[in-house]
1. Pull out all pairs, ordered by first then second residue, where Cβ-Cβ is under 6 Å, the residues are six or more apart or on different chains, the first lies in the range 13-41 and is among the β-branched types (Val, Ile, Thr), and the second is not in a loop (DSSP other than H, G, I, E, B).
2. Which ones in the range 78-96 are surrounded by fewer than 13 Cβ atoms within 10 Å (Cβ to Cβ) and assigned to a helix (DSSP H, G or I)?
3. Which members of the range 40-55 meet the condition of being touching a helix residue (DSSP H, G or I) at 6+ places or on another chain (Cβ under 8 Å) and farther than 22 Å from LEU143 by Cα?
4. Go over the candidates GLU100, GLU88 one by one and state the one that is at pLDDT below 95 and over 28 Å from SER148 (Cα atoms).
5. Would you mind stating whether GLY53 is loosely packed, with under 14 Cβ neighbours inside 10 Å and under 15 Å from the mean Cα position of the chain (by Cα)?
6. Report the residue count in the range 97-137 for those that are without any contact (Cβ under 8 Å) to a residue 40 or more places away in the chain and buried (at least 17 other Cβ atoms within 10 Å of the Cβ).
7. Consider LYS130 against the criteria (1) among the basic types (Lys, Arg); (2) modelled with pLDDT of 95 or more; (3) not in a helix (DSSP H, G or I): it satisfies all of them except one. Which criterion is unmet?
Amino acid sequence: MKTDKSLPHIEPKISFGILNTLLGYHLRRAQASVFDDFMSVMADNQITPGQFGVLTLIDANPGLNQSTLAKTIGIGRSTMVPVIDGLEKRQLIERRKSVEDKRSYALAMTSKGDALMKEINPKVLAHEQKIVADLSDEEIKTLSNLLSRIYR
């Protein structure tokens, strides 16, 4: 059967049902948009949003152990191990025997990790400015406060 390629393709109007009334739906769409842009910005550095969060917390809290890091981020310890393994394999962080608890490891940035953070922090800040460009300072503050109330 031949089709007439000169006819325009018309997209059907899609009903979103109750989705447009659900906060979770809008949060997920916003998160997908933010993560897509982040991944584009970090493509050369091969850093995911989750890895960036882990690196930032280790950088700001030298000696942090994996269990505390996992609790802080809100993930299971078993999920944290492969993240730490991957960052250690890339020589961005290192595990050191904890002085306080010989059964655990203290996490620390390497010089390579420090250099990476110096390179990507400005990119992340530019990414952040881009995603909130249509919001006022007051709206950004309000949105941050409301979101933190939801996840607390």
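The values are calculated or read from the model by the stated rules, or taken from the named source; none is laboratory data. This structure is a prediction, so every number in the text was calculated from the model and none was measured. Methodologically, a virtual Cβ is constructed for each residue, glycine included, from the backbone with ideal geometry; neighbour enumeration extends over all protein chains shown.
1. VAL34/ILE131; VAL41/LYS123; VAL41/HIS127
2. Residues satisfying the conditions are SER78, THR79, VAL81, PRO82, ASP85, LYS89.
3. Applying the first criterion (touching a helix residue (DSSP H, G or I) at 6+ places or on another chain (Cβ under 8 Å)) to the range 40-55 yields 41-42, 45, 47-55.
VAL41, MET42, ASN45, ILE47, THR48, GLN51, VAL54, LEU55, listed by residue number.
4. Details: GLU88 fails: at pLDDT below 95.
None of the others qualify; the one that does is GLU100.
5. Working: loosely packed, with under 14 Cβ neighbours inside 10 Å: no; under 15 Å from the mean Cα position of the chain (by Cα): yes.
Judged against the criteria, GLY53 is not a match.
6. 0
7. It is condition (3) that LYS130 fails.
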